[in-house]
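Everything on this sheet refers to the single structure shown next.
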Amino acid sequence: MNLEEALKARKSVRAFKPDPVPLDLVKEILELARLSPSGTNIQPWKVHVVAGEVRRRLEEEVLAHRETDPADKIAEFPRTSKRKEPYTTRMRTLGKQMYGLIGIPKGDQAANWKQWGRNYQFFDAPVGLIFTIDKDLDCMSFLDIGIFMQSIMLAAKARGLDTCSQGAWNNFWSVTRRVLDVPDEEYIVCGMSLGYADETAPVNTLVAEREPIESFAIFHGFD
Ligand SMILES: Cc1cc2nc3c(=O)[nH]c(=O)nc-3n(C[C@H](O)[C@H](O)[C@H](O)COP(=O)(O)O)c2cc1C
């Protein structure tokens, strides 16, 4: 798969087969992702790669905590749930499409809650990635993490694997910190599921819409 093919084929997968991903394959992907650029080459990314018993315990403990303390949804670093247009509409369109495919009726809070909880099961992917960053760094370094994540997603796709980035993992971060022994000096930025897509799952037919380039690119000096 060349780069263009991988860019076009990558999409977020939210149902995985149980087939394991060999450690060597994960390392091969990380070997490529470590080539990602970063501001002043500081390479701020850190990633916890979880599988097997640790992955199972992380899932179990986060889900248990979520039941006992459902309001503990605040990220450790500033985030906002308030969105203005056009972002609100784009977010709602995605939600509508996704919940439609899963078969969750509008306003069914219990089903929404349950489905969102699938994030903490890595959508059944055998491997989960938890990205952390030193708290001393600023938002420019968060860009570096994003670039690193995209490298992982494309390298994975090119090897027949699928992914889903998961901001959901910056909720309930205190549990993740404890289970994975993440130092207090680091933020848990994001998670990612990694595995083989369950092609039979309706949720995986979702194709998230994209805006045309005219809506985001402002060209200067071309005439
Ligand atoms: C930083 C980031 C965080 C995301 N967090 C979540 C998440 O917590 N749960 C989820 O199901 N999808 C999550 N996504 C996936 C997005 O919803 C998805 O990328 C977007 O809708 C575009 O769809 P596509 O990835 O299929 O092209 C996240 C994506 C990114 C880049």
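To keep it simple, each residue is scored yes or no on (1) more than 25 Å from V13 (Cα to Cα); (2) among the polar types (S, T, N, Q).
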| position | (1), (2) |
| --- | --- |
| V62 | no, no |
| T68 | yes, yes |
| D72 | yes, no |
| F77 | yes, no |
| R83 | no, no |
| M91 | no, no |
| Q97 | no, yes |
| L101 | no, no |
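Just name the residue that is farthest from L143 (Cα to Cα) out of those in the range 168-223 that are surrounded by fewer than 19 Cβ atoms within 10 Å (Cβ to Cβ), small (G, A, S) and within 16 Å of the ligand (Cβ to nearest atom).
Within the range 168-223, the match that is farthest from L143 (Cα to Cα) is A201.
Name the pairs: first residue in the range 34-45 and more than 15 Å from D136 (Cα to Cα), second residue part of a helix (DSSP H, G or I) and of a type in the set (G, A, S), Cβ to Cβ under 7 Å, at least 6 apart or on different chains?
Matching pairs, first to second residue: S36/S151.
Looking at the range 196-223 only, could you name the residues that are under 29 Å from I74 (Cβ atoms) and not in a loop (DSSP other than H, G, I, E, B)? Working first, answer last.
Filtering the range 196-223 down to residues under 29 Å from I74 (Cβ atoms) leaves 203, 206, 208.
The one that is under 29 Å from I74 (Cβ atoms) and not in a loop (DSSP other than H, G, I, E, B): V203.
Failed condition for R79, given (1) surrounded by 10 or more Cβ atoms within 10 Å (Cβ to Cβ); (2) within 27 Å of D144 (Cα to Cα); (3) at pLDDT 95 or above, with all others met?
Failed condition: (3).
Can you tell me which residues in the range 49-74 are in contact with a strand residue (DSSP E or B) (Cβ under 8 Å, 6 or more places away or on another chain) and of a type in the set (A, V, I, L, M)?
Within the range 49-74, V49, V50, A51, L58 qualify.
Does K73 satisfy being within 16 Å of the ligand (Cβ to nearest atom), more than 30 Å from S36 (Cα to Cα) and not in a helix (DSSP H, G or I)?
On the way: within 16 Å of the ligand (Cβ to nearest atom): yes; more than 30 Å from S36 (Cα to Cα): yes; not in a helix (DSSP H, G or I): yes.
Here the answer is yes, as K73 does meet what is asked.
Out of (1) within 11 Å of the ligand (Cβ to nearest atom); (2) part of a helix (DSSP H, G or I); (3) not small (G, A, S), what's the single condition that is false for I152?
The one condition I152 does not meet is (1).
In the set E85, E60, which member is outside any helix (DSSP H, G or I), of a type in the set (D, E) and more than 16 Å from the ligand (Cβ to nearest atom)?
E85
Hey, can you tell me all the residues within the range 38-48 that are touching a strand residue (DSSP E or B) at 6+ places or on another chain (Cβ under 6 Å) and among the β-branched types (V, I, T)?
The answer is V47, and nothing else.
I want to confirm something. Restricting to the range 18-42 and keeping residues that are crowded, with 17+ Cβ neighbours inside 10 Å and in a loop (DSSP other than H, G, I, E, B), which single residue is farthest from the ligand (Cβ to nearest atom)?
Among them, the one singled out is V21.
Pull up the range 2-17, narrow it to residues that are buried (at least 17 other Cβ atoms within 10 Å of the Cβ) and outside any loop (DSSP other than H, G, I, E, B), then point me to the one that is nearest to the ligand (Cβ to nearest atom).
S12
The values are calculated or read from the model by the stated rules, or taken from the named source; none is laboratory data. Computed from a predicted model, the values in this text were never measured in an experiment. Note: ideal-geometry Cβ built from the backbone for every residue, glycine included; neighbour counts use all protein chains shown.
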